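The values are calculated or read from the model by the stated rules, or taken from the named source; none is laboratory data. This is a predicted model, so every value here is computed, not measured. All Cβ positions, even for glycine, are placed from backbone atoms using ideal geometry, and neighbour counts span all protein chains on display.
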Amino acid sequence: MIGRLSLWYRDNVSQEVDCLACRLISGFGLVGIGAYLLVQSKKRPKLFEQYTMKSLAAAAGLLGVARLADASFLKAPAKELKEEETKVLKSSKDHEFFARR
């Protein structure tokens, strides 16, 4: 069953994994999270809490900017499927976990 679901997902997903809209949404989302954390850090009474939240805000903001800039360290290495692997993936055999013994 898991094999069937993964094949369905793989067949219905766009081949363009890193589209512009995806980068814009996730990049601005991370920048927004960073801005929110920065605002909330100013409301913390303890100095350690402020510095912790500011460092988290900086990390989220930098990841958002890197995502918007399409940084290479955020990309997964492309893996080419061999012909044998595609035959195995397209078989209708269920995953071993669900096999009857």
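Annotations for the structure displayed:
- Residues of the range 50-77 classified as in a helix (DSSP H, G or I), surrounded by 12 or more Cβ atoms within 10 Å (Cβ to Cβ) and either free of Cβ contacts under 8 Å to residues at least 40 places away in the same chain or of a type in the set (Phe, Trp, Tyr) (or both), total: 18
- Selected residue (criterion: surrounded by the most Cβ atoms within 10 Å (Cβ to Cβ)) from residues of the range 18-31 that are over 14 Å from Ala58 (Cβ atoms) and in contact (Cβ under 8 Å) with a residue 24 or more places away in the chain: Gly27
- Tallying residues that are among the β-branched types (Val, Ile, Thr) and more than 20 Å from the chain's Cα centre (by Cα) within the range 21-78 yields 2.
- When residues of the range 5-46 are limited to those that are in contact with a helix residue (DSSP H, G or I) (Cβ under 7 Å, 6 or more places away or on another chain) and polar (S, T, N, Q), the one modelled with the lowest pLDDT: Ser26
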